[in-house]
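Heads up: the structure comes next, in structure tokens.
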Amino acid sequence: WRSSATCKPWQSGRFPPRVWERRQPPSGKGINTTAGQGQQVGAQEKQVLEDLEMPFARRETETLFQEQPETGNQYLEDALLRSYLKTHLPPKVLEEVHQDLERFGNRLLTKIKPLGWECELNPPVFRQYDAWGRRVDQIVTCSAWRKMKEISAEEGLIAEAYERRYSSWSRLHQAVKLYLFSSCSGGFNCPLAMTDGAAKVIESLGIPGSLKNAFDHLTSRDPKKFWTSGQWMTERRGGSDVANGTETVARKQPDGTYRLYGFKWFTSAADSDMTLTLARIADAEGHVKQGSSGLSLFFLKVRDEEGKLNSIQVQRLKDKLGTRQMATAELWLDGAKAELISAEGRGVASISNMLNITRIHNVIGAVASMRRMISLSREYARRRVAFGKLLKDHPLHMQTIARMEVQTRGAFLLLMEIVRLLGLVETNMASEQDQLLLRLLIPVAKLYTGKQASAVAVEAMESFGGQGYMEDTGLPVILRDTLVLSIWEGTTNILSLDVLRSLTKSQGQVMAVFFSTVQKKLELASSAAKLEPAVKQTQDAISSLARFTQAAGSKGALTMELAARDFSYTLARIYAGRALLIEHAARPDASSTDISAARRWCHQELCPVATELQNSSYEAEEALMDSTLVYEGSPACGSRL
């Protein structure tokens, strides 16, 4: 279980060992996009073309076939991020945050990114028995993974949100650092998500004395004290239905603690120091209460004071499609010592804060992977020659990347809006409207950006041609790790239904807040002539959405369930794209690209739920036909569906 392995060095001595062309510019450095490099870039592009025209025998001997894309400081190269911070942060906060992010961007480039690749090359290994047949249940991680934990503490990737040096802006500062860190982290962004979620739960409980030590460890900047947390919710039945799928039993002990007995089927970051988990408390006769009201939340340390496992047996590590850098395991809890931290039967309610945080981290990962893939694609386009010219000089190629860029910008602004609202809530500065809007936007953003990220990753991979399919370019790693984002912390359909629950719980107030907020943002842009088409299209979409909500209200629960996915997409497209992109483009110092992005977002269907309602897609007859279409020709066709 102890992390005692040492990573294997790369044979090539480079980061990462890739199958790109090894010819480098005379300076020995890759092309970057920082200011003052325009002449150098032009000269390098000219050299690429001259090399191709030169007879093969006269070309540089190390030249192969491909040019490796190289990016620089992620923060300095992210124009949208920098313009957003300049627009929203108070001047003094902006000055300090800018310095921190520029420094962090350099550390990412020179230190953290190589460690991330080492984590990919050296995934965790499960050692169940020692040489003498004794069961030891060790999850062995590489030195780079352990170094990532130290860096996370040093950079305050969790602490920043809880120290609140910048009041409500501290959460946004943390989110930006996580956004920059995510694609370089070698999968360590996942345990950080659960660590942040655990810290949030403990804080929401008032940091009781028994949990003060754990909270201090979770939010520490000291690498020797910093803890990460797991999140052990999924059991043998799997899925999001924890109310009916949780079988773990908690038995109370004479000293007031509990012993947990059960099987945890999917435990991410199984090498963490602690975890929060759900279980059913057994009464004196050994009976437990079923359903969500029978679930309580527990805190447990993974190891005791001597470093031994807390009555936990590791069954195996999960063989996953992606996120292979992180240990995900199946665990038996055979009397694990735990502390009840929620009110009895209030476990599901108590983990809501954790789910909100981990879903926001999911959005961070999605937007970060989109930005990373586009950064690589655009740099490759400045180096790769096809059909006699650079890819960047092929209009269709650039149109494809530009469309991905527009999607990424909308997703980024939606992320920033959520963490801005969360910062207000955490510092008691949020209005009731802010709180309602945050409750709605978290599941909307999670489900929509998860789908966006997968689509952008696939499209960006294609922009590299066959090279994008090569494992040692690192591009397939990004794609695999991105695919989990629409599954982890709730699939698209599960979250769509959660969006409906937010409407029901607020008795429709959240939609009133949504409409008024969008209208206010559009009013700010009403005087900008260049944005007039985008503003009108958004207003038309809002009207269509309002008509849908009125019509659906009289059609019953089935209509809303069938419409849930399209309804959530509609909310995302109207708010993320139209309202936020238009608001950003209406700034006095907005660039032409800001305006273009807002206008281009309007080219897509903004209110798909209204269109599908007109197509009768949500009628009971269509629901029956859905089953008929799916099962035609299958053995189930003759059974009752």
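Net charge near Leu440: determine it from the other residues with C-beta under 15 Å of the C-beta of Leu440, scoring Lys and Arg +1 and Asp and Glu -1.
Details: positive: Arg359, Arg420, Arg439, Lys446, Arg501, Lys505, Arg573; negative: Glu417, Glu432, Asp434, Asp498.
Combined, the nearby Lys, Arg, Asp and Glu give +3.
Helix-only mean residue ellipticity at 222 nm, the chain, DSSP H runs n ≥ 4 weighted -39,500 (n - 2.57), per residue, nearest 500. What is it?
On the way: 24 runs with 324 residues, N = 641.
Here the helix-only value at 222 nm equals -16000 deg cm²/dmol.
In segment 79-219, if every C-alpha pair distance is counted and binned at 10 Å from zero, what percent goes to each bin?
10, 33, 31, 18, 5, 2, 0
Starting from the amide H of Glu235, placed 1.01 Å from N in the peptide plane, find each other amide H under 5 Å away whose residue is 5 or more places distant or on another chain.
When sequence neighbours closer than 5 places are left aside, the close amide H contacts are Trp265.
So for Arg403, Arg171, Arg378, what's the accessible-area order with a 1.4 Å probe, most first? Each step should come with its number before you reach the end.
Working: Arg403 150, Arg171 10, Arg378 75 Å².
Largest accessible area first, the list is Arg403, Arg378, Arg171.
Scan around Gly335 for amide H atoms under 5 Å from its own, H built in the peptide plane at 1.01 Å from N, and keep only partners 5 or more places away or cross-chain.
The answer is Leu260, Tyr261, Gly262.
Can you tell me which of 104-110, 626-632, 367-373, 260-266 comes out highest on packing, and rank the rest after it, using the mean Cβ neighbours within 10 Å?
For the peptides 104-110, 626-632, 367-373, 260-266, the packing ranking is 367-373, 260-266, 104-110, 626-632.
Mind ranking Leu178, Leu321 by accessible surface for me, highest first, 1.4 Å probe?
Leu321, Leu178
Would you mind working out the magnitude of the charge dipole of segment 507-627 relative to its Cα centre, with +1 at each Lys and Arg C-beta and -1 at each Asp and Glu C-beta, to the nearest 20 Debye? Kindly include the intermediate steps, with their values, before the conclusion.
Details: 12 positive and 14 negative charges, 113 e Å.
Rounded to the nearest 20 debye, it is 540 debye.
When averaged across all projection directions, what area in nm² does the alpha-carbon convex hull of segment 543-602 cover?
Averaged projected area of segment 543-602's Cα convex hull equals 4.4 nm².
Can you give the accessible area per residue of segment 507-627, in Å², using a 1.4 Å probe?
Accessible area per residue: 48 Å².
Heavy atoms of the protein only, probe of 1.4 Å, neighbouring chains included. What is the accessible area of His88 in Å², nearest 10?
Surface accessible to solvent at His88 totals approximately 60 Å².
Round to the nearest 10 and report in Å² the accessible area of Tyr166, as given by a 1.4 Å probe over the protein chains' heavy atoms.
The accessible area of Tyr166 comes to roughly 30 Å².
Taking the Cα centre of the chain as the origin and placing charges on Cβ (Lys, Arg +1; Asp, Glu -1), which of Ser210, Leu483, Ala349 is farthest toward the positive end of the dipole?
The residue sitting farthest along the positive end of the dipole is Ser210.
Which whole-number value in Å² is the accessible area per residue of segment 79-219, probe 1.4 Å?
Computed with neighbouring chains in place, this is 37 Å² per residue.
Counting Lys +1, Arg +1, Asp -1, Glu -1, what net charge surrounds Glu612 among other residues with beta carbon under 12 Å of its beta carbon?
-3
Pop out the carbon and sulfur fraction of the accessible area of the chain as a percent, whole number, probe 1.4 Å.
Summing carbon and sulfur atoms, their accessible area is 52 percent of the total for the chain.
Distance between Cα centroids, segment 345-405 to segment 269-312: provide it in whole Å.
Answer, in whole Å: 37.
Which whole-Hz couplings ³J(HN,Hα) result when phi for each residue of segment 117-129 is put into the Karplus expression 6.51 cos²θ - 1.76 cosθ + 1.60, θ = phi - 60°, listed in order with x for Gly and Pro?
Ordered by residue, 3J(HN,Hα) equals 5, 4, 4, 5, 6, 10, x, x, 10, 9, 10, 7, 10 Hz.
Using +1 at the C-beta of Lys and Arg and -1 at the C-beta of Asp and Glu, which of Val630, Leu581, Ala620 has the Cα lying farthest in the positive direction of the dipole of segment 547-641?
Comparing the listed Cα positions along the dipole, Leu581 ranks first.
Which residues' amide hydrogens lie under 5 Å from the amide hydrogen of Arg303, considering only partners 5 or more residues apart or on another chain, with H built in the peptide plane?
Asn310
Go through Lys555, Lys149 and list them by solvent-accessible area, largest first, probe radius 1.4 Å. Don't skip to the end; give the middle numbers.
On the way: Lys555 95, Lys149 50 Å².
The residues order as Lys555, Lys149, largest area first.
For segment 144-155, just list the computed ³J(HN,Hα) in residue order, Karplus coefficients 6.51, -1.76 and 1.60, θ = phi - 60°, integers in Hz, with x standing in for Gly and Pro.
Computed from phi, the couplings for segment 144-155 are 5, 5, 5, 5, 4, 5, 5, 5, 4, 5, 4, 7 Hz.
Taking the Cα centre of segment 70-194 as origin, sum charge times position over the Cβ atoms of Lys and Arg (+1) and Asp and Glu (-1), and report the length of that vector in debye to the nearest 20.
Using Cβ point charges on Lys, Arg, Asp and Glu, segment 70-194 gives about 280 debye.
What percentages, rounded to whole numbers, describe P(r) for the chain computed over all alpha carbon pairs with 10 Å bin width beginning at zero?
Over the chain, the share of Cα pairs per 10 Å bin runs 3, 15, 24, 25, 19, 10, 3, 0, 0 percent.
Add +1 for every Lys or Arg and -1 for every Asp or Glu among the other residues with Cβ under 12 Å from the Cβ of Glu459, and state the total.
-1
Which value in Å does the Kirkwood hydrodynamic radius of segment 229-345 take, with 1/r averaged over all unlike C-alpha pairs and then inverted?
Kirkwood radius, segment 229-345: 14.4 Å.
The values are calculated or read from the model by the stated rules, or taken from the named source; none is laboratory data. No experiment lies behind these values; they were computed from the predicted model shown. Quick reminder, even Gly has a Cβ in these numbers, built from the backbone with ideal geometry, and neighbours come from all protein chains shown. Each accessible area value is taken on the protein alone, full model and side chains, heavy atoms only, with ligands, DNA and RNA left out. Shrake-Rupley method; radii C 1.70, N 1.55, O 1.52, S 1.80 Å.
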